[in-house]
Amino acid sequence: MTKAQRMIEENLKLVDAVCEILDARIPNASRNPDIDRLAAGKPRLIILNRIDLADPNITAQWRRYFEAQGIKILETDAKSGKGVNQFNQAVREVLKEKIEAYAAKGQANRPLKIMILGIPNVGKSTFINKVAKRKAAIAGDKPGVTRGKQWISIDQGLDLLDTPGILWPKFDSQEVGEMLAITNAIKADVLDKETLAANFMLRLCRLYPDAVKARYKFEPNLEMNGFELLEEAAKKRGFLISRGEYDIERMANTLLGEYHDGKLGRISLEKPE
Ligand code: G4P
């Protein structure tokens, strides 16, 4: 068992519920499947974060998918704070029986302890800071940065256990690895950036041709490969290196950067099975 798994197991004894934060654009890839086993028996809540960047129709499908498994879902945009003020209510619904049991023991005001889990860069610190209405956790866009665990008490009778860096992303397929790199959960330089962007462009052209057309001003032709599609975009942007040769590297960085900034619109990369 890894150190991280042990840390989760040891701390599970201290909490009433587990709250997993996922990236709403890739709920499957941003989930560590080991959590189902590690947190078995604990009341669970899943937060679909970054809804501002995700396709609302697909986020609704994911909500139904998880709710069908009996998991409470909250949709948030932690950056703006949208949905965050429903967290307390959601926790209380998930822990209804526990709260009643505490009340029966005369401990009605006992704080509810929640472990916050999520892969790096999914928005844990941003979310916690918004719930706490202060800067309690350090946020930053640096995949792989590990910090120690900390308890954060918030006014609404909740104690949050922030476990930064202990939930590792897990991927056994290149496709999942690519989605994690595109969304900054893992470093993009673990994969060749141009290949990453080319595969991403092909995926975008299949899933959201209108968004590609609107942003990059070309008609996606699905007979082309990802590099050819990237080159089409580079041509339209005027990213010329020399006569007839276009700067694919610059276009790759542009595409990934613009997706990160939400400039292509609200785009989800995974649908429930
Ligand atoms: P972590 O603790 O899980 O590692 O993640 P953290 O809160 O540090 O957030 C990582 C980045 O994601 C931060 O960006 C944060 O602003 C952004 N973020 C978090 N939640 C949301 C959300 O719901 N929507 C959007 N659009 N972004 C979110 P950053 O490093 O400060 O830079 P930038 O990406 O804002 O430019």
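Just so you know, all these numbers are worked out from the coordinates, no wet-lab data involved. If you're wondering where the values come from, they're calculated on a predicted model, not measured in any experiment. Methodologically, a virtual Cβ is constructed for each residue, glycine included, from the backbone with ideal geometry; neighbour enumeration extends over all protein chains shown.
If you take the beta carbon distance between ARG64 and LEU12 as r and set R0 to 30 Å, what does 1/(1 + (r/R0)^6) give as a FRET efficiency, to the nearest 0.05?
Calculated transfer efficiency: 0.60.
What is the dipole size for region 172-256, taken about its Cα centre, with +1 at each Lys and Arg Cβ and -1 at each Asp and Glu Cβ, in debye to the nearest 20?
Here region 172-256 has a charge dipole of around 440 debye.
Quote the FRET efficiency, to the nearest 0.05, computed for LYS271 versus GLU228 with a Förster distance R0 of 25 Å and r equal to the Cβ-Cβ distance.
Efficiency, rounded to the nearest 0.05: 0.45.
Give me the extension gain from ASN57 to LYS105: residue separation times 0.36 nm, minus the current Cα-Cα distance, reported in nm with one decimal.
Values: separation 48, 0.36 × 48 = 17.28 nm, distance 4.38 nm.
That works out to 12.9 nm of additional length.
Where nothing but the Cβ of Lys and Arg (+1) and of Asp and Glu (-1) is charged, how large is the charge dipole of the chain around its Cα centre, in debye to the nearest 20?
Around 1120 debye, computed over the chain.
Quick one: length gained pulling GLU175 to LYS96 fully straight, 0.36 nm per residue minus the C-alpha distance? Display every interim value, and only then the final one.
Values: separation 79, 0.36 × 79 = 28.44 nm, distance 3.90 nm.
Difference between extended and current length: 24.5 nm.
Whole angstrom only: what separates the Cα centroid of region 154-180 from the Cα centroid of region 185-248?
Centre-to-centre (Cα) distance: 29 Å.
Taking amide hydrogens as modeled 1.01 Å from N in the peptide plane, which residues meet the under 5 Å criterion relative to LEU158, leaving out close sequence neighbours?
Here LEU112 satisfy the definition.
Tell me, what is the FRET efficiency for GLU245 and ARG206 to the nearest 0.05, using R0 = 35 angstrom and their Cβ-Cβ distance as r?
That pair, GLU245 with ARG206, gives E of 0.85.
Using a basic spin-label model with each label point 7 Å from the Cα along Cα→Cβ, how many nm lie between HIS260 and LYS149?
In this crude spin-label approximation the distance works out to 3.1 nm.
Which of PHE171, GLY118, PRO56 sits closest to the plus end of the dipole of the chain, meaning its Cα is farthest towards the positive end, when Lys and Arg get +1 and Asp and Glu get -1 on the C-beta?
Going by the charge dipole, the pick is GLY118.
Using alpha carbons only, how many angstrom separate the centre of region 1-38 from the centre of region 51-96?
17 Å
Could you work out which residue, out of TYR259, TYR102, TYR208, moves most in a Gaussian network model of the chain, that is, has the largest mean-square fluctuation with Cα springs under 10 Å?
TYR102
Per DSSP H run of n ≥ 4, the term is -39500 (n - 2.57); total these for the chain, divide by its residue number, and report the mean residue ellipticity at 222 nm rounded to 500 deg cm²/dmol.
Mean residue ellipticity at 222 nm (helix-derived): -12000 deg cm²/dmol.
Which value, in debye to the nearest 20, gives the size of the charge dipole of region 2-94 about its Cα centre, when Lys and Arg are +1 and Asp and Glu are -1 at the Cβ? Kindly include the intermediate steps, with their values, before the conclusion.
Working: 15 positive and 13 negative charges, 21 e Å.
Value, rounded to 20: 100 debye.
Let me check against my output: what whole-number percent is the relative contact order of region 144-273, with C-alpha pairs under 8 Å and at least 6 apart? Mind dumping the intermediate values first?
Values: 133 pairs, mean separation 23.1, N = 130.
Computed over region 144-273, the figure is 18 percent.
Would you kindly state how much longer the chain becomes between PHE218 and LYS236 on full extension, computed as 0.36 nm times their sequence separation minus their alpha carbon distance, in nm to one decimal?
Fully extending the segment from PHE218 to LYS236 adds 5.7 nm.
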